[in-house]
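Note sheet for the following structure.
The values are calculated or read from the model by the stated rules, or taken from the named source; none is laboratory data. If you're wondering where the values come from, they're calculated on a predicted model, not measured in any experiment. Counting neighbours? That spans all protein chains shown, and the Cβs are built from the backbone with ideal geometry, glycine included.
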Amino acid sequence: MLNIYSSNWGVVLDKQLGTQQGVSIWEFHRAASSVARDQGRRTYRYARIKPAEPKDGQEVEVTLMLTPSSPESDWLPLGVATARTINSI
């Protein structure tokens, strides 16, 4: 599990689905977080994390995705935040 937080937002990521070219795709922890847009019609439950294997305390770039294979036009850039492994919290 991976916890990513900034002063304005945070997400808890449950499972890493894959890694390619320095980027990883993670599934949200369903009980802890999800992000809805367009009055709840679009629920983002996946995150694209760069770098793919962040160290504890490292800043990461977070982009939200509707599905692991969503086209780039559907991505929602969330911003840069700090990664924490669950073991370090």
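For the stretch 11-31, which residues satisfy the criterion of being within 17 Å of V80 (Cβ to Cβ) and within 12 Å of the chain's Cα centre (by Cα)?
V11, L13, V23, S24, W26
Would you be able to tell me the number of residues in the stretch 36-68 that are surrounded by 11 or more Cβ atoms within 10 Å (Cβ to Cβ), of a type in the set (G, A, S) and modelled with pLDDT under 90?
Of the residues in that region, 1 qualify.
Kindly list, by first and then second residue, each pair from a residue in the stretch 62-89 that is more than 16 Å from R45 (Cα to Cα) and among the β-branched types (V, I, T) to a residue that is assigned to a helix (DSSP H, G or I) and modelled with pLDDT of 90 or more, limited to pairs with Cβ atoms under 6 Å and residues at least 6 apart or on different chains.
Partner pairs satisfying both residue conditions: none exist.
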